[in-house]
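No value in this document is a laboratory result; all are computed from the given coordinates. Not measured: the values here are computed from a predicted model. A quick note on method: Cβ atoms are made from the backbone with ideal geometry, for glycine too, and the neighbour counts reach across all protein chains shown.
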Amino acid sequence: MVDIEHIPKELKLIDEKGVRLDGRRHDELRPIRIEAGVLRRADGSAYVEWGGNKVLAAVYGPREAHPRHLQDPARALVQCRYNMAPFSVSDRKRPGPDRRSVEISKVISEAFASVVFAEQFPRTSVDIFIEVLQADAGTRCAGLTAASVALADAGVPMRDLVTSCASGKIGGVVCLDLNKDEDNFGEADCPMAIVPRTGELVLLQMDGHLTYDEFQKAMELSIAATQRIYEMQRDALRRRYSLSIDEIMKESPAAPPRETELPEMSTQIVGEPELDFDALDEDREGGA
Amino acid sequence: MSDDILSDLMRDYVYRSAKAGRRTDGRALDEPRKLAVEHGVVKTAEGSARVKLGNTDVIVGIKMSVGQPYPDTPNTGVLSTTVELIPMASPTFEAGPPRPDAIELARVVDRGIRESKMVNVAKLCITPKEKVWVMFIDIHVLDFDGNLFDASSYGAAAALATTIVPAKAQGLGDDFPLPVEHWPVSVTTAKIKDLLVVDPGLDEERMADARLTVTTDENGDIRAMQKGLKGSFSYDEVKRIIETSQKVGRALRPSLRP
């Protein structure tokens, strides 16, 4: 399957059988749970648990863009703020934006810019807020995946959902969806985000060391995984918005029985010729 | 990088020229602008370089100081990269704290140098857990005519290559050159509609839909990547861009060495 010759002896992120520290194989995702519509005030929201990551996303808008000089007379701005809670990492993170979160906010904003029908809402802003509550590597992918569901929950018109995932290299093996230890001690990480319906890559970053072949392997793992995550995103939205017959009946009681007689059926043939039931019966009797 | 307006007439001209295979400045689609590197231009810095990529002009200074290592890397030197987009360089740059585009630029340059292990930071430890050398890469953009990602990366690499660690002044033995071991080259490609152009000039950059920076090492291996702008790439386009970046990187690498 993969060469596992140059694994550092002291730290085996993946063993001879191709099993990782958390028991996953190279092409396995961590468990992912997605919930849509989890906040009251936001226009749209979503919550994602992805391995040890816990991420909330909220969407406001389209609403008046602030500061006003940023307004675009032709389209809506898509502005994302990615933020990590001080308690989301083992050493407390100083609150507020640092350089890393400014960069992540920028690339996530850009990832959504071509997907939202921004030209329908001139001078406005679609504001996306991502809060990382608990971090375990891959927070930008989890945040973007959550934000995408939150945008749909807010009813913001989009060409498609955006789905994100990362692949990297640990112990010389290209693996899907690195966790914190794998990210810290691994050799490379390559987060991406895709528009699943068209295959457009709207976010792509990489750091570490990958040969061109390894990069292609990583991308193929990520692309395959995003199809599965896409299904989970859609499922979260379906669970939020599709009601069972019982629920519909509970919310709106059945219509009262009609008291009046149905009006007589028109004999005029409009589209499909109406069946003459009497004639049908006669035919059957005649044939018997 | 800038939000200023480009006329439709110019957009059309830029696109049609590129579509015909010859860009507005006469280049082929996969041809970078002329790179001129001048090493050691600032005496007060421990290392410096001035890089002109076409008319984009960047000066980079390296300052070395003794500081504390990060707790999770107690035996390695520290690298810190900042970019100043000073108002002198473009009518669209404003004074004030760095904006997201300057932060992204600095972090992408930093990533290329850090991830390629260009400088062997293990050799910059003085006392484990206590004292290490800290490298400050300060990138000063003097004239912005497109593609700051590559110009800044080349400037940083060229400046690091000339850096002398001032150990004597700190009472830490003799001065020594910075242990530079690898040569990353960043190559940025812009997507204009259906076309991919290497090393975009200002007008090309202003109308680009998407941008991809790929940093490769001397083996052609990928060390860092960053996609930018609001558009997207197909996976096939990404593969083509990587192949071009490897080729252009090989050609440019020799001119970065002092």
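Each Lys and Arg adds +1 at its Cβ and each Asp and Glu adds -1 at its Cβ; summed about the Cα centre, region B:27-256 shows a dipole of about 280 debye.
Across region A:32-240, C-alpha contacts under 8 Å between residues 6 or more apart give a mean separation that, scaled by the residue count, equals a relative contact order of 23 percent.
From the Kirkwood radius over Cα pairs of chain B, Stokes-Einstein at 37 °C and 0.692 mPa s returns a whole-number translational diffusion coefficient of 174 µm²/s.
Mean separation of Cα pairs under 8 Å and 6 or more residues apart, divided by the residue count, gives region B:76-124 a relative contact order of 50 percent.
Shielding value for A:194-201 is 3, the average number of Cβ atoms from other chains within 10 Å of each residue's Cβ. Calculated from the alpha-carbon coordinates, region A:18-62 shows an Rg and a Dmax of 14.9, 47 Å respectively.
Take the alpha carbon atoms of region A:162-223, find their center, do the same for region A:66-138, and report the distance between the two centers in whole angstrom. Each part's Cα centre sits 22 Å from the other's. Summary value for chain B: 21 percent relative contact order, contacts being C-alpha pairs under 8 angstrom separated by 6+ residues. What the Cβ-Cβ distance of B:L29 and B:L6 gives, at R0 = 22 Å and to the nearest 0.05, is a FRET efficiency of 0.70. Bridging of A:K169 to lysines at a Cα separation below 26 Å is possible for A:K9, A:K12, A:K17, A:K54, A:K106, A:K180, A:K217, B:K117, B:K123, B:K227, B:K239, B:K247, once same-chain residues fewer than 8 apart are set aside. Taking the Cα of B:S80, stepping 7 Å toward and past its beta carbon, and measuring to each backbone N in region B:115-135: which are under 15 Å? Correct set: B:131-135. Modelled this way, with points 7 Å down the Cα-to-C-beta line, the labels at B:V42 and B:R16 are 4.4 nm from one another.
Of A:Y82, A:Y212, how do they rank once you tally other Cβ atoms within 10 Å and put the fewest first?
A:Y212, A:Y82
For region B:68-92 and region B:14-35, what is the separation of their Cα centres, given in Å? Cα centroid to Cα centroid, the span is 33 Å. Annotation for A:M249 and A:D213: the two label points, set 7 Å from Cα along the Cα-Cβ direction, are 6.2 nm apart.
The charge dipole of the protein assembly as shown, taken about its Cα centre with unit charges on the Cβ of Lys, Arg, Asp and Glu (plus for the first two, minus for the last two), comes to roughly 2800 debye.
Mean partner shielding of peptide B:106-112, defined as the number of other chain Cβ atoms within 10 Å of each residue Cβ, is 3. Take each residue of peptide A:113-120, count the partner chain Cβ atoms within 10 Å of its Cβ, and average: the result is 2.
Rank these for me by crowding, B:T127, B:T188, going from fewest to most other beta carbons within 10 Å.
By the 10 Å Cβ count, ascending, the order reads B:T127, B:T188.
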